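What follows is one structure encoded as structure tokens, with my remarks underneath.
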Amino acid sequence: MKDLSLVAGEKTRALVVGPYFAARKRGEAERTKRALHGRSPEARIAEARGLAEAVDVLVVDAKIVSLAEIRPATFLGRGKVEEIAAEVGECDIALVVLDCALSPVQQRNLEKAFGAKVIDRTGLILEIFGRRARTREGALQVELAHLSYQKSRLVRSWTHLGRQRGGFGFLGGPGETQIETDRRLIQERITRIERDLESVKKMRGLHRKKRRAVPYPIVALVGYTNAGKSTLFNRLTKADVVAEDMLFATLDPTLRALILPRGGEIILSDTVGFISDLPTMLVAAFKATLEEVTEADLILHVRDIAHPDSEAQRDDVERVLAELGITDRPDRVLEIWNKIDLVDAEKMLALRNAARREPETTRPIAISALTGQGIDELVARLEKGLAAERVVLDLRVDPGDGRGRNWLYEHTEVLRASEMADGGLEITVSAAPALVEKVRQRFAEVPRRAVAKRHR
């Protein structure tokens, strides 16, 4: 088998194979597309190629292989295995990526047949997550997923695993086999990571509690991987979060404060991108990074509207949001149609007509995070949407309470302020719901009728 290490800076040469069921009869094309989560085989292989390129390999070729049935030993039929083996030899391929889930035996048999390293979709996504995780929790979650995957591979996958080691002699009988030792060591490490994750989760919970004590509205960006969330995040906050034309450029959640034109302040959260067929081992890690979303006051669902599979990607995102219990309030989610700079005039007209048919409160906003088109409209909708949640209060601030006056300017949106004859301040503010009780306890509230009369 070829060595996957880089030689003189050269990238590993890879072949991406999409083994998808063939549509042999009329009407089967749609069934095949449904099996691929609403995507065509061409779109699915393009995504698989993008995933491979995200681990910095040189993809020599990406090909679709038609399946009639799955073979227990090699997943693919003998003829396809021989055909791919020939291409591997001719093109000096060191890595073959199969866009499917392989059993340990299938992986081992294919590696023997190809004379090259073989990984499946699960292994590839785990590799990407392992390279991109930056926070302690992210790294622990990914390692936990890796170990669970490795443990599942320890089933007669390698010949050395049948060897026995000598036991300690406490119970007598045969010693512990290599496979048992490896599985035990992995389980011990899994137990340690799970313990570490518990303490990390407690710390994150304390941080969330602190943020609620200064309750600025939280706006979370969600969307399919590579939809442009980080580009939009950078555009709005003037931050420098990694934003590349690459799948899973962002894995760890990032939060930044954003001051809106009318003076209100929000916390904007950038999150990991969604993807179809997320490996089971990564589901827990993936959802842990989305916990900020469940507490968000407003969720911006960023869609790559220029992508041919935009509708299928939307369905994948909505499925995960439903699992997080977020779809109970449709007005809490606002669709952002991103990348309109890549859409032709005819499609753009159709999109705008479709948007106009939606209710005003949930109407999608067409933008280009790259060029800035539509950003002003988005910010205006943000202010309007968040204002609907806020409570307007008329207050009186005593003449000597300078600290209280500053607190109101820092924690609420001041709509109107006027000085009274005694030097006190009559002030109208817009406050986040979580802050209303605290404001009422600290300041005297002026009846609205009296305020209206004075400002006639």
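For every residue, the table says whether it meets (1) assigned by TED's automatic domain parsing to the domain that holds PRO19; (2) modelled with pLDDT of 70 or more; (3) in a helix (DSSP H, G or I); (4) out of contact with any Leu (no Cβ under 7 Å at 6 or more places or on another chain).
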{"site": "GLY138", "(1), (2), (3), (4)": "no, yes, yes, no"}
{"site": "SER152", "(1), (2), (3), (4)": "no, yes, yes, yes"}
{"site": "VAL155", "(1), (2), (3), (4)": "no, no, no, yes"}
{"site": "LEU161", "(1), (2), (3), (4)": "no, no, yes, no"}
{"site": "GLY166", "(1), (2), (3), (4)": "no, no, no, yes"}
{"site": "ILE193", "(1), (2), (3), (4)": "no, yes, yes, no"}
{"site": "ARG208", "(1), (2), (3), (4)": "no, no, yes, yes"}
{"site": "ALA227", "(1), (2), (3), (4)": "no, yes, no, yes"}
{"site": "SER230", "(1), (2), (3), (4)": "no, yes, yes, yes"}
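Taking the criterion of being acidic (Asp, Glu) and more than 15 Å from ALA116 (Cα to Cα), the residues of the range 62-106 that qualify are GLU69, ASP99.
Residue count for the range 68-78, restricted to those that are touching a residue at least 40 places away in the same chain (Cβ under 8 Å) and surrounded by fewer than 17 Cβ atoms within 10 Å (Cβ to Cβ): 1. Taken over the range 118-139, the criterion of being surrounded by fewer than 20 Cβ atoms within 10 Å (Cβ to Cβ) and in contact with an Asp or Glu (Cβ under 7 Å, 6 or more places away or on another chain) is satisfied by ARG134, THR135. Elements of the type helices (runs of 4 or more DSSP H) sitting completely within the range 335-428 and holding at least 1 residues that are in the same structural domain as GLU311 (by TED's automatic domain parsing): these cover 345-356, 375-387. Among residues of the range 203-232 that are under 15 Å from ILE367 (Cβ atoms), those with a beta-carbon under 8 Å from a residue that is at pLDDT below 85 and in a helix (DSSP H, G or I) at least six positions away or on a different chain give the pairs VAL219/LEU386. Suppose we keep only residues that are of a type in the set (S, T, N, Q) and more than 17 Å from GLY385 (Cα to Cα) within the range 328-372. Which one would you say is surrounded by the most Cβ atoms within 10 Å (Cβ to Cβ)? In this case the residue turns out to be ASN338. Taking the criterion of being at pLDDT 80 or above and crowded, with 21+ Cβ neighbours inside 10 Å, would at least one residue in the range 281-296 satisfy it? Checked the range 281-296: at least one residue is at pLDDT 80 or above and crowded, with 21+ Cβ neighbours inside 10 Å.
So which residues in the range 173-191 are at pLDDT below 85 and surrounded by 13 or more Cβ atoms within 10 Å (Cβ to Cβ), if there are any at all?
GLY175, GLU176, THR177, GLN178, ILE179, GLU180, THR181, ASP182, ARG183
The values are calculated or read from the model by the stated rules, or taken from the named source; none is laboratory data. This is a predicted model, so every value here is computed, not measured. As a convention, Cβ positions derive from the backbone with ideal geometry for all residues, glycine included, and neighbour counts pool all protein chains shown.
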